[in-house]
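S.K.: Dropping a structure here in structure tokens format, bear with me for questions.
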Amino acid sequence: MANSPRPRRRRKTPACPPIGALMRYGERTVRVIAEASGQRVIIESVDEDGRTFRSAVKWASLAALEEQLF
């Protein structure tokens, strides 16, 4: 038993942001639409012309909103 291997520690996997959450992606405020594969989420945002578009980004690229939106 003295030579038994040590149990491996698992890394904490980051949690996916909840669907519908408002988050910060760079300078934009975005809404999380769905979870995608490879630690990515589908986000929805609005550009300067008012057009809505969706894109896939990594979880690590998203940040929580500050206390004030505007």
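S.K.: Can you find, within segment 17-37, the residue that is surrounded by the fewest Cβ atoms within 10 Å (Cβ to Cβ) among those that are assigned to a strand (DSSP E or B) and of a type in the set (Ser, Thr, Tyr)? Please lay out each step first, then the result.
M.R.: Just the residues of segment 17-37 that are assigned to a strand (DSSP E or B), to begin with: 22-25, 28-36.
Remaining after also requiring of a type in the set (Ser, Thr, Tyr): 25, 29.
Working: Tyr25: 16, Thr29: 14.
The selected residue is Thr29.
S.K.: Looking at segment 41-54 only, could you name the residues that are of a type outside the set (Asp, Glu) and under 16 Å from Ile19 (Cβ atoms)? Even if it seems obvious, please write down each step before you answer.
M.R.: From segment 41-54, those of a type outside the set (Asp, Glu) are 41-43, 45-46, 50-54; that's our starting set.
Answer for segment 41-54, where residues must be of a type outside the set (Asp, Glu) and under 16 Å from Ile19 (Cβ atoms): Val41, Ile42, Ile43, Ser45, Arg54.
S.K.: Name the residue that is nearest to Glu66 (Cα to Cα), counting only residues in segment 9-26 that are modelled with pLDDT of 70 or more and of a type outside the set (A, V, I, L, M, F, W, C). Spell out how you get there, then give the answer.
M.R.: Filtering segment 9-26 for residues modelled with pLDDT of 70 or more gives 15-26.
Cutting the leftovers down to of a type outside the set (A, V, I, L, M, F, W, C) gives us 17-18, 20, 24-26.
Details: Pro17: 16, Pro18: 17, Gly20: 17, Arg24: 9, Tyr25: 12, Gly26: 13 Å.
My answer is Arg24.
S.K.: Just the residues that are at pLDDT 90 or above, loosely packed, with under 13 Cβ neighbours inside 10 Å, charged (D, E, K, R) and in contact with a strand residue (DSSP E or B) (Cβ under 9 Å, 6 or more places away or on another chain), please, taken from segment 38-57.
M.R.: Of everything in segment 38-57, just one residue is at pLDDT 90 or above, loosely packed, with under 13 Cβ neighbours inside 10 Å, charged (D, E, K, R) and in contact with a strand residue (DSSP E or B) (Cβ under 9 Å, 6 or more places away or on another chain), namely Arg54.
The values are calculated or read from the model by the stated rules, or taken from the named source; none is laboratory data. Please read these numbers as outputs of a predicted model, since none were measured by experiment. Neighbour counts run over all protein chains shown; Cβ positions are idealised from the backbone, glycine included.
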